[in-house]
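Asks: Mind having a look at this structure? Questions to follow.
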Amino acid sequence: MPVHIESVSHRYGTVAALEGVDLDIADGETVVLIGPSGCGKSTLLGIIGGLLKPSDGVVSLSGTPPVESLNPFTYIFQDFALLPWRSVRDNVGLPLEHRAIPAADRAGRVAAALALTGLTDFADAYPRQLSGGMRQRVGIARALVVRPAVLLLDEPLSALDAQTRQLLMDDLLAIWGREPATKIYVTHNLEEAARLADRVVVLSRRPGRVREVLRIDVPVADRARPEHAARLAEVQRRLWDLIRDEAATADREMVDG
Amino acid sequence: MAERRPIPFRGGGFDPVPRPIVPWLALVAILGLWQVASSTGLLPPLFMPSPATVMRALVDLSADGTIPRHIEASLRRMIPGWLIGTAAGLAVGIAMGIFSTARASGLPIVSALFPIPKIALLPLLILWFGIGEPSKIATIALGVFFPTAISAYSACDSVPRNLIRMGQSFGLPGADIVRKILLPGAMPGILAGFRITASVALLLLVAAEMIGAEFGIGAFVLQAGNLMQTDHLVAGVALLSILGLLISFGLGHLERWVLRWR
Ligand SMILES: Nc1ncnc2c1ncn2[C@@H]1O[C@H](COP(=O)(O)OP(=O)(O)OP(=O)(O)O)[C@@H](O)[C@H]1O
Ligand SMILES: [Mg+2]
């Protein structure tokens, strides 16, 4: 669903985290947010998902989400946020338990999400028994089970090692091909940005403003092809040019609060 | 080519190594030494009975029903006292973990009253409830209440914020967040608190029984001391040790069962 962010600002006490962010996101689009550490990316995602009240501005959704979408704005978390006392199946089923839907539909949704993320054989395992990559698959399955209209991902791969990250990125792309949801994806990893994004939004250092919006004209499905490698490398270089100075300055700032 | 020398080994030494028989050997050695000291007259029986005498006292007093009667009297105080204190402490502690108002009003009061040695309140409680059972049960309940409230509160407080945000992000109602995220997440801390409150309950039980009771292990130990029956006295102390061990054994099982996901 199309998401509209209109002059959103946010302050934590006296610290201005975001200032006048404007962004329109099209239905089914994947927008990747990058920017120096502490520039307000997580804050913006929290505001979009309704977990934080912006100091100023509004975020709105065009149209009504489809009825089967039980939780229109759904997060996938960096630290997975799994309940360690629940099995994989019960973690994935958690968002459905308080919804008034038939038990068969509930079990069907869980089974489908487990199958889609390759977790069917691990349904009875507990999170501590799983590797980081498998844990994040549980996080993804739990998000898909509610058929989100907008998926909000805050550095979903950054707690993983490089190889697992690569594998899971491929899986995410495969899943996304079948997911109509609009995706807003925060990352520090420019390779992820170049690989996943329809558009990359570069935020300035704190207080975050939209510094540049970069559309990547290679279709997402074709980006693994060797003939596009040079173009994607150029995109990454361009993104790095945009954030390097800001990142260096942000890094030298004192962290207050 | 330079000479090759193997690298000298510097690790090891501090790694824990399982030693299954050593604890029993140590116990037997201590008891053996004690028995020898008694038999040779090094330990006068008036001050310290021999292990064999204590054993005999335990057997005789069990057989004639003395020990069971005292244990029953003690458990009839300790169990209700612990249960009442725990129930009230959990209610207050969890409320402070959930509601800001309960936290703001309750935490200073609980923290201020927590350090009072609760046995000091026994005279007051005797004035309120009389010299009988209720004042002893109330002392134990009070002693258990405060540490329970504080450990339940900090257990709730230590549940990762991100799990609660996760629940909110999926639209879980507040009651569901409490039931499915906060309470299970606080369980390890709450159960760890039980170990502390069990020992508090045992301590207050003995103290209260020494202040005024006819039956109960504390009263039994005190009477034995007054009559200089050191074998009975040490037998009573041994009972307390066994009771404490049984409680901690039971709590260990409870923990392993409740926290079997760990
Ligand atoms: N609860 C809070 N209270 C006070 N300040 C906060 C709070 N949360 C974030 N901040 C500050 O607001 C700024 C933006 O935070 P935010 O987490 O949104 O940044 P970010 O871009 O996600 O950073 P990172 O790249 O490190 O994840 C930071 O400087 C942070 O220190
Ligand atoms: Mg962040």
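The values are calculated or read from the model by the stated rules, or taken from the named source; none is laboratory data. A quick note: this is a predicted structure, and the numbers were derived from the prediction, not measured. Note: ideal-geometry Cβ built from the backbone for every residue, glycine included; neighbour counts use all protein chains shown. Keep in mind that these areas ignore ligands, DNA and RNA; they rest on the heavy atoms of the full protein, side chains included. Shrake-Rupley method; radii C 1.70, N 1.55, O 1.52, S 1.80 Å.
Asks: So in the range A:11-53, with the set limited to residues that are among the polar types (S, T, N, Q) and farther than 21 Å from A:ALA247 by Cβ, which one is nearest to ligand 2 (Cβ to nearest atom)?
Replies: A:THR30
Asks: Looking at the range A:176-191 only, could you name the residues that are within 16 Å of ligand 1 (Cβ to nearest atom) and either in contact with a Lys or Arg (Cβ under 8 Å, 6 or more places away or on another chain) or polar (S, T, N, Q) (or both)?
Replies: A:VAL186, A:THR187, A:ASN189
Asks: OK, next. In the range B:173-191, which residues are under 13 Å from A:HIS98 (Cβ atoms) and either open to solvent by 10 Å² or more (accessible area, probe 1.4 Å) or not aliphatic (A, V, I, L, M) (or both)?
Replies: Across the range B:173-191, the qualifying residues are B:PRO173, B:GLY174, B:ALA175, B:ASP176, B:ILE177, B:VAL178, B:ARG179, B:LYS180.
Asks: Here's something else I'd like to know. Given the condition in contact with a Gly (Cβ under 8 Å, 6 or more places away or on another chain) and within 24 Å of A:PHE73 (Cβ to Cβ), answer yes or no: does some residue in the range A:209-217 qualify?
Replies: Yes, some residue in the range A:209-217 is in contact with a Gly (Cβ under 8 Å, 6 or more places away or on another chain) and within 24 Å of A:PHE73 (Cβ to Cβ).
Asks: State whether one or more residues within the range A:82-91 are within 16 Å of ligand 1 (Cβ to nearest atom) and polar (S, T, N, Q).
Replies: no
Asks: Could you check the range B:244-262 and list, in sequence order, the residues that are open to solvent by 30 Å² or more (accessible area, probe 1.4 Å) and either aliphatic (A, V, I, L, M) or within 14 Å of chain A (Cβ to nearest Cβ) (or both)?
Replies: Within the range B:244-262, B:LEU245, B:LEU246, B:ILE247, B:LEU254, B:GLU255, B:ARG256, B:TRP257, B:VAL258, B:ARG260, B:TRP261, B:ARG262 meet the criteria.
Asks: It is to be established whether one or more residues within the range B:131-138 are more than 30 Å from A:VAL146 (Cα to Cα) and outside any helix (DSSP H, G or I).
Replies: Yes: the range B:131-138 contains one or more residues that are more than 30 Å from A:VAL146 (Cα to Cα) and outside any helix (DSSP H, G or I).
Asks: Among the residues of the range A:43-61, is there at least one that is in contact with an Asp or Glu (Cβ under 8 Å, 6 or more places away or on another chain), open to solvent by less than 40 Å² (accessible area, probe 1.4 Å) and closer than 25 Å to A:ALA141 by Cβ?
Replies: Yes, because at least one residue in the range A:43-61 is in contact with an Asp or Glu (Cβ under 8 Å, 6 or more places away or on another chain), open to solvent by less than 40 Å² (accessible area, probe 1.4 Å) and closer than 25 Å to A:ALA141 by Cβ.
Asks: B:THR86 versus (1) more than 30 Å from B:ARG179 (Cβ to Cβ); (2) of a type in the set (S, T, N, Q); (3) open to solvent by less than 90 Å² (accessible area, probe 1.4 Å): which is the lone unmet condition?
Replies: Against the list (1) more than 30 Å from B:ARG179 (Cβ to Cβ); (2) of a type in the set (S, T, N, Q); (3) open to solvent by less than 90 Å² (accessible area, probe 1.4 Å), B:THR86 comes up short only on (1).
Asks: Being open to solvent by 40 Å² or more (accessible area, probe 1.4 Å), more than 17 Å from A:ALA26 (Cα to Cα) and not aliphatic (A, V, I, L, M) is the filter here; which residues of the range A:62-71 pass it?
Replies: A:GLU68
Asks: Between residues in the range A:229-246 that are without any contact (Cβ under 8 Å) to a residue 40 or more places away in the chain and residues that are of a type outside the set (A, V, I, L, M, F, W, C) and surrounded by 15 or more Cβ atoms within 10 Å (Cβ to Cβ), which pairs lie under 8 Å by C-beta distance while being six or more apart or on different chains?
Replies: A:LEU232/A:ARG195; A:LEU232/A:ARG223
Okay, residues lined up against (1) within 14 Å of chain B (Cβ to nearest Cβ); (2) within 15 Å of ligand 1 (Cβ to nearest atom); (3) in contact with a helix residue (DSSP H, G or I) (Cβ under 7 Å, 6 or more places away or on another chain); (4) assigned to a helix (DSSP H, G or I):
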| residue | (1), (2), (3), (4) |
| --- | --- |
| A:ARG11 | no, yes, no, no |
| A:LEU18 | no, yes, yes, no |
| A:GLY28 | no, no, no, no |
| A:PRO54 | no, yes, yes, no |
| A:GLY63 | no, no, no, no |
| A:TYR75 | yes, yes, yes, no |
| A:PHE80 | yes, no, yes, no |
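Asks: Has the range B:173-182 got any residue that is part of a loop (DSSP other than H, G, I, E, B) and within 14 Å of chain A (Cβ to nearest Cβ)?
Replies: yes
Asks: Follow-up question, since we're still on this one. Among residues belonging to the range A:88-117 that are over 12 Å from A:LEU70 (Cα atoms) and among the acidic types (Asp, Glu), point out the one that is modelled with the highest pLDDT.
Replies: Ranking the qualifying residues of the range A:88-117, first place goes to A:ASP90.
Asks: Among the residues of the range B:30-57, how many are over 13 Å from B:GLN229 (Cβ atoms) and either open to solvent by less than 50 Å² (accessible area, probe 1.4 Å) or in contact (Cβ under 8 Å) with a residue 24 or more places away in the chain (or both)?
Replies: Within the range B:30-57, residues that are over 13 Å from B:GLN229 (Cβ atoms) and either open to solvent by less than 50 Å² (accessible area, probe 1.4 Å) or in contact (Cβ under 8 Å) with a residue 24 or more places away in the chain (or both) number 6.
Asks: Scan the range B:198-219 for residues that are touching a His at 6+ places or on another chain (Cβ under 9 Å) and open to solvent by 10 Å² or more (accessible area, probe 1.4 Å) and report the count.
Replies: Here the count works out to 1.
Asks: With the structure loaded, tell me whether B:PHE170 is free of Cβ contacts under 8 Å to residues at least 60 places away in the same chain, in contact with a Lys or Arg (Cβ under 9 Å, 6 or more places away or on another chain), away from every other protein chain (no Cβ under 14 Å) and open to solvent by less than 50 Å² (accessible area, probe 1.4 Å) or whether it fails that test.
Replies: no
Asks: Quick check on the range B:136-167: of everything there that is open to solvent by less than 10 Å² (accessible area, probe 1.4 Å) and within 11 Å of another protein chain (Cβ to nearest Cβ), which residue is nearest to B:THR86 (Cα to Cα)?
Replies: Among them, the one singled out is B:VAL159.
Asks: Give the range A:68-114 a look and list any residue that's more than 18 Å from the chain's Cα centre (by Cα) and polar (S, T, N, Q), or say none.
Replies: Passing the criteria: A:SER87, A:ASN91.
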